[in-house]
1. Starting from a Cα-only point model with no solvent, please compute log10 I(q)/I(0) by Debye for the range 178-321 at q = 0.10, 0.15 1/Å.
2. How large a share of the accessible area of the range 5-63, in percent, is made up of carbon and sulfur atoms when the probe is 1.4 Å and the other protein chains stay in place?
3. Between the helical axis of 207-216 and the dominant principal axis of the chain, each derived from Cα atoms, what acute angle in degrees is found, rounded to the nearest 10?
4. Which whole number in µm²/s is D for the range 5-63 by Stokes-Einstein, with the Kirkwood Rh taken over Cα pairs at 25 °C and 0.890 mPa s?
5. Identify the GluC sites (Glu not before Pro) of the range 1-103 meeting these criteria: DSSP loop state and at most 14 other C-beta atoms within 10 Å of the C-beta.
6. Assuming 0.36 nm per residue, please report the length gained on full extension of the stretch Ala114 to Ile324 beyond their Cα-Cα distance.
7. What does DSSP give for the chain in terms of the percent of beta bridges that are antiparallel, rounded to the nearest 5?
8. Per residue of the range 134-140, in order, report the coupling 6.51 cos²θ - 1.76 cosθ + 1.60 (Karplus, θ = phi - 60°) as ³J(HN,Hα) in whole Hz, putting x for Gly and Pro.
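The values are calculated or read from the model by the stated rules, or taken from the named source; none is laboratory data. Since the model is a prediction, treat every value here as computed from it, not as a measurement. Here the Cβ positions follow ideal geometry from the backbone for every residue, glycine too, while neighbour counts run over all protein chains shown. Only protein heavy atoms, including side chains, enter the accessible area calculation; ligands, DNA and RNA are left aside. Shrake-Rupley method; radii C 1.70, N 1.55, O 1.52, S 1.80 Å.
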Amino acid sequence: MSSKVNLLNFTRADMEVFFAEMGEKAFRANQVIQWMHQYGVDNFDAMTNLSKSLRAKLEDVAEIRTPEVLIDQASVDGTHKWLLKLDSGNSIETVFIPEKNRGTLCISSQVGCALECSFCSTGQQGFNRNLTVAEIIGQVWVANKALGWDPMANGKRERIISNVVFMGMGEPLLNFDCTVKTIEILVDDFAYGLSKRRVTVSTSGVVPALLRLKEVSDVALALSLHAPNDELRDVLVPINKKYPLDKVLGACKDYISGDTRRKVTIEYVMLEGVNDSVAHARQLVKVLKDVPSKVNLIPFNPFPKTQYKRSSDEAIVRFRDVLIKGGLITLTRRTRGDDIDAACGQLVGIVMDKTKRGLNVDNS
Ligand code: SAH
Ligand code: SF4
């Protein structure tokens, strides 16, 4: 392990403290953050607006260590997936999904997940550890680089990654501090400068952490609901036993309160014969009646040895129609990157082989 401090872990405020301790001016933080995040620089020599002596000083005590790309895969539909190597044999996945007017990067916040949702391959893998800020923001750094982002191209800062969602592996609210710091870097104008509406934290409903998040951040929120009643949600999303529907929906309402334009994205995975009936849809309309929301129906992405099946297209349309008639804004998410296993809940691949737990994924 290197004893140098990895500057990729720092928000701009952290960086200011770091420079103050070195006896340097605070604006150095702006410069270094800009070099790292806007210009994709990972060595001090390239930072030409720092004096040679400062660069040498930094070289002695600090480093910019980004995650190492093990595998870089592109799907026929333009979706991109990276397998990133962490220490001690751990790896994580990051997915880029290009659409007409935006490019969304789906990032991981933990290696594995402790919450054991029964339809999620990450949940079946178990929890390994939290990612550091460097490992979370490093996914954005690596993706920008691999996608060939050039901040000065055509004289304007066109972004390739316009949106970032915490919908990869792990529960971001159980890695709270690092998630909040990563958000800070994403929205910082000296770093990625994304608007808060373009950064989404997705949670299965860790209520106390959600209430804390409201105190420190106002990025967009997605709730993995997946069931319209406690009995079923207890099975699909076991953390529901601790924080049942009324508590979690109350916390979501609280999170967006104060701005009538905000809505919570409700994620609902479509599982054949489990949560996809017309009765479930009607129940969902009732449950969401007072929650400013838009619903995303996600066709289930199967993984080896799962007990679940994806709902038929007809069942999804029938379900969607009930929601729309009930007054809910509803979208059905297209499955992307199927050929490279980059879809929601499939972010596991080779990681599984390494941990030798549970599933045995065959990527051939
Ligand atoms: N832990 C957070 C964020 C990561 S999961 C959360 O649960 O919200 C990101 C999204 O992928 C969640 O909505 C999750 O429910 C969904 N998902 C998990 N497994 C899936 C699968 N096999 N098919 C489709 N969506 C899945
Ligand atoms: Fe964890 Fe989210 Fe998967 Fe549930 S759906 S096991 S919270 S990653």
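1. Summing over Cα pairs of the range 178-321 leads to -0.38, -0.80.
2. Values: 1400 of 2750 Å².
It is 51 percent, rounded to a whole number.
3. With rounding to tens, the tilt is 40 degrees.
4. On the way: Rh = 11.2 Å.
The diffusion coefficient I find is 218 µm²/s.
5. Numbers: sites: Glu16, Glu21, Glu24, Glu59, Glu63, Glu68, Glu93, Glu99; in loops: Glu24, Glu99.
The qualifying sites are Glu99.
6. Details: separation 210, 0.36 × 210 = 75.60 nm, distance 3.40 nm.
Gain in length upon complete extension: 72.2 nm.
7. DSSP beta bridges in the chain are roughly 45 percent antiparallel.
8. 4, 6, 7, 5, x, 5, 5
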